[in-house]
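**Student:** Submitted below is the structure of interest, expressed as structure tokens.
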Amino acid sequence: MKAVYEFPNVFDEYWAGTAEESKIKDGWLATGDLGFFDNDGYLYLKGRKDDIINVGGEKVSPIEIELMIKRLDKIQDVGVIGVPDKTFGEIPVAFIVTEFNLKTNEILSHCIKTLERYKIPQNFIFTDSIPKNESGKIKRSVLKEIYSKQ
């Protein structure tokens, strides 16, 4: 049975009675994306709900941390994830790609100057590349897997 829901910019029809149908709320498909509409009605996507890091009750976007770290000239790429922490629930950890002999204290010093204390990554992991999907988005689940194996 076909559902009455139509999302022409996403898909033509939705199959009624499936578990996926529960993702439709008030005529919207709940994808987990976070965004906002500007005054002209344009939608801007800012990230994903499941990527948000909960540091002691403070909600932190990994994208905000990544953008600040990328301001350093020697940084080629960066990916930030939240990892479990006994005290704060989660803490940010940054994976860093750089060609130069960049020291952790240089990145930490920059973060201290530009980020609120709870947003500062508690660990910096240097790597050759940041895993990304076909559209260039960071595969945070892969980074979490890498982190868990350390």
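Listed here are the residues, each with its yes/no results for (1) outside any helix (DSSP H, G or I); (2) aliphatic (A, V, I, L, M).
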| position | (1), (2) |
| --- | --- |
| 64 | no, no |
| 71 | yes, no |
| 90 | yes, no |
| 93 | yes, yes |
| 111 | no, no |
| 125 | yes, yes |
| 129 | yes, no |
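**Student:** A follow-up question, please. Working only within the range 54-90, note down all residues that are touching a Ser or Thr at 6+ places or on another chain (Cβ under 8 Å) and under 13 Å from residue 118 (Cα atoms).
**Tutor:** If the condition is that a residue be touching a Ser or Thr at 6+ places or on another chain (Cβ under 8 Å) and under 13 Å from residue 118 (Cα atoms), then 56 is the only one that fits.
**Student:** Here are the criteria: (1) buried (at least 17 other Cβ atoms within 10 Å of the Cβ); (2) more than 25 Å from residue 33 (Cβ to Cβ); (3) among the hydrophobic types (A, V, I, L, M, F, W, C). Tell me which single one residue 108 does not satisfy.
**Tutor:** Every listed condition holds for residue 108 apart from (1).
**Student:** Run down 120, 91, 96, 81 and say which single residue is under 21 Å from residue 148 (Cα atoms), surrounded by 14 or more Cβ atoms within 10 Å (Cβ to Cβ), touching a Lys or Arg at 6+ places or on another chain (Cβ under 8 Å) and of a type in the set (Val, Ile, Thr).
**Tutor:** The conditions single out 81.
**Student:** So, one more: Can you tell me which of (1) of a type in the set (D, E, K, R); (2) part of a helix (DSSP H, G or I); (3) at pLDDT below 75; (4) closer than 26 Å to residue 139 by Cβ is the one residue 21 doesn't meet?
**Tutor:** Here residue 21 clears every test but (4).
**Student:** What number of residues within the range 123-150 satisfy the criterion of being closer than 19 Å to residue 69 by Cα, among the hydrophobic types (A, V, I, L, M, F, W, C) and either touching a residue at least 40 places away in the same chain (Cβ under 8 Å) or touching a helix residue (DSSP H, G or I) at 6+ places or on another chain (Cβ under 8 Å) (or both)?
**Tutor:** 5
**Student:** Another one. Quick one: which residue in 74, 113, 103 is surrounded by fewer than 16 Cβ atoms within 10 Å (Cβ to Cβ), modelled with pLDDT of 95 or more and at negative phi?
**Tutor:** Matching residue, one of 74, 113, 103: 113.
Yes or no, residue by residue, for (1) closer than 21 Å to residue 84 by Cα; (2) more than 20 Å from the chain's Cα centre (by Cα):
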site	(1), (2)
101	no, yes
111	yes, no
115	yes, no
121	yes, no
133	no, no
136	no, no
140	yes, no
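The values are calculated or read from the model by the stated rules, or taken from the named source; none is laboratory data. All of these numbers come straight from a predicted model, not from anything done at the bench. All Cβ positions, even for glycine, are placed from backbone atoms using ideal geometry, and neighbour counts span all protein chains on display.
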